[in-house]
Amino acid sequence: MALTVADITTDHRAYAQRRPDLRRQMIPVRAERRVRVGDLVVAEFENEQTLRYQVQEMVYTERLTASAEVAHEIEAYSRLLPDSHVLTATIFIELAELETVRDELSRLAGLQHSLFLEIGGRRVPGVEIPGLDEDPDVPSETVSVHMVRFTLGEELRDAFRDPAVPAELVIDHREYSDGTPLVGATRRALIADLALRS
(Lines give C-alpha, C1' and ligand atoms only; values in the text may rest on other atoms or scores of the structure.)
Protein backbone atom coordinates (compact mmCIF):
# COMPACT_ATOMS: atom_id res chain seq x y z
CA MET A 1 0.00 0.00 0.00
CA ALA A 2 1.25 3.47 -0.84
CA LEU A 3 0.77 6.73 1.00
CA THR A 4 -1.60 9.19 -0.65
CA VAL A 5 -2.55 12.81 -0.10
CA ALA A 6 -5.86 11.56 1.34
CA ASP A 7 -3.92 9.87 4.19
CA ILE A 8 -2.60 13.21 5.44
CA THR A 9 -4.62 15.93 7.13
CA THR A 10 -3.93 19.59 6.46
CA ASP A 11 -6.32 20.66 9.22
CA HIS A 12 -3.52 21.70 11.55
CA ARG A 13 -5.81 22.62 14.44
CA ALA A 14 -7.47 19.19 14.41
CA TYR A 15 -4.10 17.44 14.14
CA ALA A 16 -2.69 19.47 17.03
CA GLN A 17 -5.44 18.06 19.27
CA ARG A 18 -4.65 14.46 18.26
CA ARG A 19 -0.89 14.91 18.14
CA PRO A 20 -0.02 13.98 21.77
CA ASP A 21 -1.97 10.71 21.50
CA LEU A 22 -0.40 9.86 18.15
CA ARG A 23 3.06 10.56 19.52
CA ARG A 24 2.42 8.22 22.46
CA GLN A 25 1.18 5.52 20.06
CA MET A 26 4.29 5.85 17.92
CA ILE A 27 6.80 5.51 20.78
CA PRO A 28 6.54 1.70 21.09
CA VAL A 29 6.27 1.26 17.31
CA ARG A 30 9.50 3.15 16.72
CA ALA A 31 11.23 1.57 19.72
CA GLU A 32 10.84 -1.95 18.37
CA ARG A 33 12.12 -0.82 14.96
CA ARG A 34 15.17 1.00 16.41
CA VAL A 35 18.52 -0.79 16.33
CA ARG A 36 21.67 0.66 17.88
CA VAL A 37 24.93 -0.46 16.29
CA GLY A 38 27.84 0.47 18.50
CA ASP A 39 28.09 3.79 20.30
CA LEU A 40 27.32 6.23 17.49
CA VAL A 41 24.91 4.71 14.98
CA VAL A 42 21.19 4.05 15.23
CA ALA A 43 19.02 2.56 12.49
CA GLU A 44 15.27 3.03 12.47
CA PHE A 45 13.58 0.60 10.12
CA GLU A 46 10.63 2.21 8.41
CA ASN A 47 7.16 1.00 7.50
CA GLU A 48 3.96 2.64 6.32
CA GLN A 49 2.96 3.65 9.84
CA THR A 50 6.27 5.35 10.67
CA LEU A 51 6.39 7.10 7.32
CA ARG A 52 2.79 8.34 7.48
CA TYR A 53 3.58 9.79 10.89
CA GLN A 54 6.72 11.50 9.59
CA VAL A 55 4.89 13.00 6.62
CA GLN A 56 2.07 14.18 8.86
CA GLU A 57 4.56 15.76 11.27
CA MET A 58 6.35 17.51 8.41
CA VAL A 59 3.08 18.84 7.01
CA TYR A 60 2.09 20.05 10.47
CA THR A 61 5.40 21.68 11.45
CA GLU A 62 5.84 23.32 8.03
CA ARG A 63 2.15 24.34 7.99
CA LEU A 64 1.67 22.92 4.51
CA THR A 65 -1.84 23.04 3.06
CA ALA A 66 -1.54 22.73 -0.72
CA SER A 67 -2.05 19.26 -2.15
CA ALA A 68 1.06 19.66 -4.31
CA GLU A 69 3.19 20.39 -1.24
CA VAL A 70 1.79 17.38 0.60
CA ALA A 71 2.34 15.22 -2.48
CA HIS A 72 5.99 16.33 -2.60
CA GLU A 73 6.52 15.22 1.02
CA ILE A 74 4.82 11.89 0.29
CA GLU A 75 7.07 11.38 -2.72
CA ALA A 76 10.14 12.01 -0.60
CA TYR A 77 9.15 9.61 2.16
CA SER A 78 7.45 6.92 0.05
CA ARG A 79 10.84 5.90 -1.29
CA LEU A 80 11.39 4.41 2.17
CA LEU A 81 8.39 2.10 2.07
CA PRO A 82 9.47 -1.53 2.50
CA ASP A 83 7.97 -4.25 0.32
CA SER A 84 7.98 -8.03 0.11
CA HIS A 85 11.71 -8.14 -0.73
CA VAL A 86 12.98 -4.80 0.58
CA LEU A 87 13.70 -3.43 4.05
CA THR A 88 14.49 0.24 4.51
CA ALA A 89 15.99 2.25 7.33
CA THR A 90 16.92 5.77 8.31
CA ILE A 91 20.46 5.81 9.67
CA PHE A 92 21.43 8.34 12.33
CA ILE A 93 25.03 9.10 13.28
CA GLU A 94 24.66 10.47 16.80
CA LEU A 95 27.40 12.96 17.56
CA ALA A 96 26.99 14.86 20.81
CA GLU A 97 29.97 17.23 20.68
CA LEU A 98 29.15 20.02 18.23
CA GLU A 99 32.72 21.22 18.02
CA THR A 100 33.92 17.83 16.73
CA VAL A 101 31.03 16.94 14.39
CA ARG A 102 32.86 17.90 11.20
CA ASP A 103 35.98 15.95 12.17
CA GLU A 104 33.94 12.91 13.21
CA LEU A 105 31.93 12.89 9.99
CA SER A 106 35.18 13.15 8.06
CA ARG A 107 36.57 10.18 10.01
CA LEU A 108 33.39 8.21 9.26
CA ALA A 109 33.29 9.16 5.56
CA GLY A 110 31.57 6.45 3.55
CA LEU A 111 29.86 4.87 6.54
CA GLN A 112 26.53 5.04 4.69
CA HIS A 113 28.00 2.58 2.18
CA SER A 114 29.27 0.21 4.89
CA LEU A 115 25.98 -1.18 6.21
CA PHE A 116 24.88 -4.77 5.69
CA LEU A 117 22.16 -7.16 6.72
CA GLU A 118 23.90 -10.41 7.54
CA ILE A 119 21.48 -13.31 7.20
CA GLY A 120 22.71 -16.79 8.01
CA GLY A 121 26.27 -15.62 7.34
CA ARG A 122 25.48 -14.00 3.98
CA ARG A 123 25.58 -10.24 3.53
CA VAL A 124 23.08 -7.95 1.83
CA PRO A 125 24.56 -4.47 1.29
CA GLY A 126 22.59 -1.38 2.18
CA VAL A 127 22.21 0.96 -0.78
CA GLU A 128 21.82 4.66 -0.02
CA ILE A 129 18.59 6.28 -1.20
CA PRO A 130 19.54 9.73 -2.51
CA GLY A 131 17.47 12.80 -1.78
CA LEU A 132 15.01 13.93 -4.43
CA ASP A 133 17.31 16.80 -5.37
CA GLU A 134 20.49 14.72 -5.39
CA ASP A 135 22.15 13.20 -8.44
CA PRO A 136 22.35 9.44 -7.80
CA ASP A 137 25.53 9.28 -9.88
CA VAL A 138 27.36 11.78 -7.66
CA PRO A 139 28.82 10.31 -4.44
CA SER A 140 27.07 11.73 -1.40
CA GLU A 141 28.80 13.42 1.48
CA THR A 142 28.64 11.64 4.81
CA VAL A 143 26.19 13.57 7.00
CA SER A 144 24.41 12.68 10.22
CA VAL A 145 21.30 11.18 8.57
CA HIS A 146 21.09 8.76 5.64
CA MET A 147 18.39 6.53 4.15
CA VAL A 148 19.27 3.03 3.00
CA ARG A 149 17.56 0.14 1.25
CA PHE A 150 18.32 -3.58 1.67
CA THR A 151 17.06 -5.64 -1.27
CA LEU A 152 16.69 -9.37 -0.63
CA GLY A 153 16.43 -12.12 -3.19
CA GLU A 154 13.96 -14.96 -2.70
CA GLU A 155 16.39 -17.19 -0.79
CA LEU A 156 17.56 -14.56 1.67
CA ARG A 157 14.06 -13.18 2.10
CA ASP A 158 12.84 -16.64 3.10
CA ALA A 159 15.85 -17.10 5.37
CA PHE A 160 15.23 -13.77 7.10
CA ARG A 161 11.59 -14.70 7.68
CA ASP A 162 12.73 -17.82 9.58
CA PRO A 163 13.50 -16.65 13.15
CA ALA A 164 15.81 -19.64 13.58
CA VAL A 165 18.20 -18.15 11.00
CA PRO A 166 20.48 -15.59 12.68
CA ALA A 167 20.31 -12.07 11.30
CA GLU A 168 22.35 -9.03 12.21
CA LEU A 169 22.70 -5.40 11.19
CA VAL A 170 26.40 -4.88 10.55
CA ILE A 171 28.63 -1.88 9.93
CA ASP A 172 31.95 -2.77 8.34
CA HIS A 173 33.87 0.51 8.05
CA ARG A 174 37.60 1.03 8.53
CA GLU A 175 36.91 3.39 11.45
CA TYR A 176 33.71 1.83 12.79
CA SER A 177 32.97 -1.86 12.84
CA ASP A 178 30.15 -3.38 14.89
CA GLY A 179 26.97 -5.41 14.62
CA THR A 180 23.68 -5.97 16.41
CA PRO A 181 21.52 -9.11 16.17
CA LEU A 182 17.97 -8.61 14.92
CA VAL A 183 15.86 -10.54 17.40
CA GLY A 184 12.59 -10.47 19.32
CA ALA A 185 10.04 -7.76 18.56
CA THR A 186 12.39 -6.08 16.07
CA ARG A 187 12.79 -9.25 14.03
CA ARG A 188 9.02 -9.90 14.10
CA ALA A 189 8.31 -6.34 12.90
CA LEU A 190 10.76 -6.68 10.01
CA ILE A 191 9.41 -10.09 9.07
CA ALA A 192 5.97 -8.47 8.84
CA ASP A 193 7.44 -5.82 6.52
CA LEU A 194 8.44 -8.60 4.12
CA ALA A 195 4.95 -10.09 3.87
CA LEU A 196 3.86 -10.83 0.32
CA ARG A 197 1.22 -8.37 -0.78
CA SER A 198 -1.46 -9.06 -3.36
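A few remarks follow.
- With 0.36 nm allotted per residue and the present C-alpha distance subtracted, the VAL138-SER78 stretch has 19.4 nm of extension available.
- Fraction of the pair-distance distribution of the range 43-156 above 18 Å, Cα-Cα pairs, percent: 60 percent
- Between the range 38-117 and the range 151-198, the Cα center-to-center distance that results, in Å: 19 Å
- Principal-axis tilt of helix 67-78 within the chain, Cα atoms, nearest 10 degrees: 20 degrees
- The residues of the chain expose on average 54 square angstrom of accessible surface per residue, using a 1.4 Å probe on protein heavy atoms.
- Estimated distance in nm for a label pair at ASP162 and SER106, the labels positioned 7 Å out from Cα along Cα-to-Cβ: 4.8 nm
- The range 1-82: GluC sites (Glu not before Pro) in DSSP coil with no more than 12 other Cβ atoms inside 10 Å: GLU62
- Label-point separation in nm, ALA185 to GLU94, each point 7 Å along Cα→Cβ: 1.7 nm
- If the chain linking ALA195 and ALA31 were pulled fully straight, counting 0.36 nm for each residue of separation and taking away their Cα-Cα distance, it would gain 57.0 nm.
- Fraction of accessible area attributable to carbon and sulfur, the range 59-107 (%, probe 1.4 Å): 50 percent
- Tail weight of P(r) past 29 Å, computed on alpha-carbon pairs of the chain, percent: 28 percent
- Longest stretch of the chain clear of exposed loop sites (trypsin sites (Lys or Arg not before Pro), DSSP loop, at most 10 other Cβ atoms within 10 Å, sites excluded): 64-196.
The values are calculated or read from the model by the stated rules, or taken from the named source; none is laboratory data. Please read these numbers as outputs of a predicted model, since none were measured by experiment. A quick note on method: Cβ atoms are made from the backbone with ideal geometry, for glycine too, and the neighbour counts reach across all protein chains shown. Only protein heavy atoms, including side chains, enter the accessible area calculation; ligands, DNA and RNA are left aside. Shrake-Rupley method; radii C 1.70, N 1.55, O 1.52, S 1.80 Å.
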